[in-house]
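The values are calculated or read from the model by the stated rules, or taken from the named source; none is laboratory data. None of the values given here were measured: they were computed from a predicted structure. A quick note on method: Cβ atoms are made from the backbone with ideal geometry, for glycine too, and the neighbour counts reach across all protein chains shown.
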Amino acid sequence: MTTTPAKVNDERPYQRARTALACRLAASILAIAVCALHFWKLGSAPAGFYGDECSQAYNAYCIARTGADEYGVRHPLFFRALDNYQDPVLIYCLAPLVNVCGLTKVISRAPSALFDLLAATAFAFLVQEYCRNKWLSLLGAALFSFIPWVFPASRLVFSDTAMLWGIIMGWWLCLLALRKRSYGFAVGAGVAWAFAMYARTLGRPMTVLLLLCFGLAFSQSLLARWKVALAFAIGYVSALLPMMISVARFPQSLTTRFEWISVFQGRPPTLEIVKQVGLRYGEYFSPRFLFLGGDPQLRHHTGFGGELFLFTVPLILVGICHAVRLFGRHPRYRLLAFSLLVYPVAAALTVDRMHSGRSLTGAISWLLVAMLGARALWKHSQMGRTLLLVICAAGLIECTGYFVDYFGPYQKRSSAAFQTGFTHALEYCFGHLSTNQVLYVSGSVGTACDAYIDTDFKPFAYIFLLFHGRIDPWSYQHTGFSNTVVQPYLESISRPGLLLRCNHTPDASTGQFLIVPNHESVPPDAMLLTTFQDEDLVYQVWSVKGKWSREDNAVRSRTSEP
């Protein structure tokens, strides 16, 4: 009579070992697939290299070579660039890589991909804390790394993924600290939340909002475990001390960007502000943004579906029902609900609508809800498990379609958004310049940046030249472009080289930014070498020889008249 239970007990360790082995095997396969997709064609997809990418990469190059930013400020906390201030985390992480491996597009984008992998790993631990299921943790990590809301940012020189890693780590460590009454986890959580504030402009308001949500959801637990809360506060404030000192000295480092993009710009009537903020806030919960269209800006979103995959819809619906049912039972579900309500707040205060980058923290909350839905289906019945498997199969098909589009048609579709033609033209020019030759850059290339540029190529075009030309940081910090191989084209040539111009140019005569055909003079002996195109803009690369100027040519023409 006792042999059957004994046999069952003997089989349980074997089953657990087999399950653990299968889980490790699945984790290894997913890790290989995720890493391959994040680093495959990292330097060429997207093919262009946007101005913000050039700015952060070149400032990392400056720090690596001179210990100062492009303006010569030594080891700044915030980097003045493009008439704005760049956040420090990605630049300082990139500096040692650039110092060792050189200033390239692949190396410049690598930290974003690495931080996305770290964020996906941290999300797996957060899912485990909510769902207590290793398989769902693996699914959550893979989904987080592939999601259209996050994946495009992981392939650019942006600090979005670093911010996400800090927020997810802070969220997870806070839950652990309260559950285990751990001072170490509490201090770590404070440092992680502070890291998110250093990493990205968005991280500063969203961290404050999410911590307020945490305090509201866990108010009783925080009172009962006040020493743990105090340890968190010490870690958080200590980590933020450098930022506090910097902001006290240079408050514009935090306010400049928001002044550009806020709905308060121009001081519209209060009623109009309330109306616009309410409209923008609601759009971030619309099916159009979440599942169908996403951010209309092709630099932020591919245009393939929404910010979330369609197959997550049933998981999210079930997860919402599950979270509502458990809302009053445990504060972690209240925290999740509150986080969903506040994630569009920062984005709603800016002029752009349905901006994926400024609502990025919503990816954490929506995917956690989806994982709760997956857990509810798995526990419900055999029918629920079958439905979950069908959803996962549909998800595999949808993810495959997304990546086929990303590495295929999207690259051509987004060419103008990433200024691919301008990027390729600069790569060609600097790759074909011979010793002692000069690259003459026409003011017409400012058309690509939607800005007028002066002889220093500012406000925007200069950073493209610095990055692609690998201009020596020390020389640029002290003398600007005057001692470099790059010179503005003022319809004159002092020595042989290449001329880069655009077929259209800005026209400032009307006081507005208008695009008109470019009629500037080209040396008569110049030879057109190649062209690169971004929609209607065509970049021409000419070979120029000897000395020439438009004035000298005009004088010769007059003296040769009979």
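Does V228 meet the test of being in a helix (DSSP H, G or I), at pLDDT 95 or above, surrounded by fewer than 13 Cβ atoms within 10 Å (Cβ to Cβ) and not hydroxyl-bearing (S, T, Y)? Here the answer is no, as V228 does not meet what is asked. One residue alone among S238, S246 is modelled with pLDDT under 95, closer than 30 Å to L94 by Cβ, among the small types (G, A, S) and part of a helix (DSSP H, G or I), and that residue is S246.
Residues that are buried (at least 17 other Cβ atoms within 10 Å of the Cβ) and at pLDDT 90 or above were ranked within the range 22-38; the one that is farthest from K412 (Cα to Cα) is V34.
Scanning the range 272-293 for residues that are part of a loop (DSSP other than H, G, I, E, B) and at pLDDT below 95 turns up just one, G293. All told, A124 falls short of being under 24 Å from G401 (Cβ atoms) and either in contact (Cβ under 8 Å) with a residue 60 or more places away in the chain or of a type in the set (A, V, I, L, M) (or both).
Selection of first residues in the range 256-267 that are exposed (fewer than 15 other Cβ atoms within 10 Å of the Cβ) and of second residues that are at pLDDT below 80 and polar (S, T, N, Q), restricted to Cβ pairs under 6 Å at least 6 apart or on distinct chains, gives an empty result. Among the residues making up the range 466-501, a single one is among the aromatic types (F, W, Y), farther than 15 Å from V445 by Cβ and surrounded by 15 or more Cβ atoms within 10 Å (Cβ to Cβ): Y476.
Give the number of residues within the range 107-129 that are of a type in the set (F, W, Y) and surrounded by 24 or more Cβ atoms within 10 Å (Cβ to Cβ). Of the residues in that region, 2 qualify. Against the list (1) hydroxyl-bearing (S, T, Y); (2) within 25 Å of S44 (Cβ to Cβ); (3) without any contact (Cβ under 8 Å) to a residue 60 or more places away in the chain, the condition Y489 fails is (2). Looking across the range 313-326 at every residue that is under 18 Å from K379 (Cα atoms) and β-branched (V, I, T), the one that is surrounded by the fewest Cβ atoms within 10 Å (Cβ to Cβ) is identified as V324.
To keep it simple, each residue is scored yes or no on (1) part of a loop (DSSP other than H, G, I, E, B); (2) over 25 Å from L396 (Cα atoms).
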site	(1), (2)
L136	no, no
S154	no, no
V157	yes, yes
L176	no, yes
R179	no, yes
G184	no, yes
G190	no, yes
L209	no, yes
F214	no, yes
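Looking across the range 68-89, just one residue is touching a Lys or Arg at 6+ places or on another chain (Cβ under 9 Å) and in a helix (DSSP H, G or I), and that is V89. Scan the range 383-433 for residues that are free of Cβ contacts under 8 Å to residues at least 24 places away in the same chain, closer than 30 Å to W542 by Cβ and more than 21 Å from the chain's Cα centre (by Cα) and the total you get is 1. Using the structure shown, decide if F264 is in a loop (DSSP other than H, G, I, E, B) and either more than 21 Å from the chain's Cα centre (by Cα) or in the same structural domain as M354 (by TED's automatic domain parsing) (or both). So F264 passes the test.
Taking V441, is it of a type in the set (V, I, T), over 21 Å from the mean Cα position of the chain (by Cα) and in a helix (DSSP H, G or I)? Answer is no for this residue.
Checking Y406, Y428, Y410 one by one, the residue that is surrounded by fewer than 23 Cβ atoms within 10 Å (Cβ to Cβ), among the aromatic types (F, W, Y) and touching a Gly at 6+ places or on another chain (Cβ under 8 Å) is Y410 and no other. Can you find a residue in the range 195-202 that is touching a Leu at 6+ places or on another chain (Cβ under 6 Å) and more than 21 Å from H355 (Cα to Cα)? Checked against the condition, which is being touching a Leu at 6+ places or on another chain (Cβ under 6 Å) and more than 21 Å from H355 (Cα to Cα), the range 195-202 yields no hits at all.
Number of residues in the range 472-509 that are part of a loop (DSSP other than H, G, I, E, B), more than 34 Å from the chain's Cα centre (by Cα) and of a type outside the set (G, A, S) equals 4.
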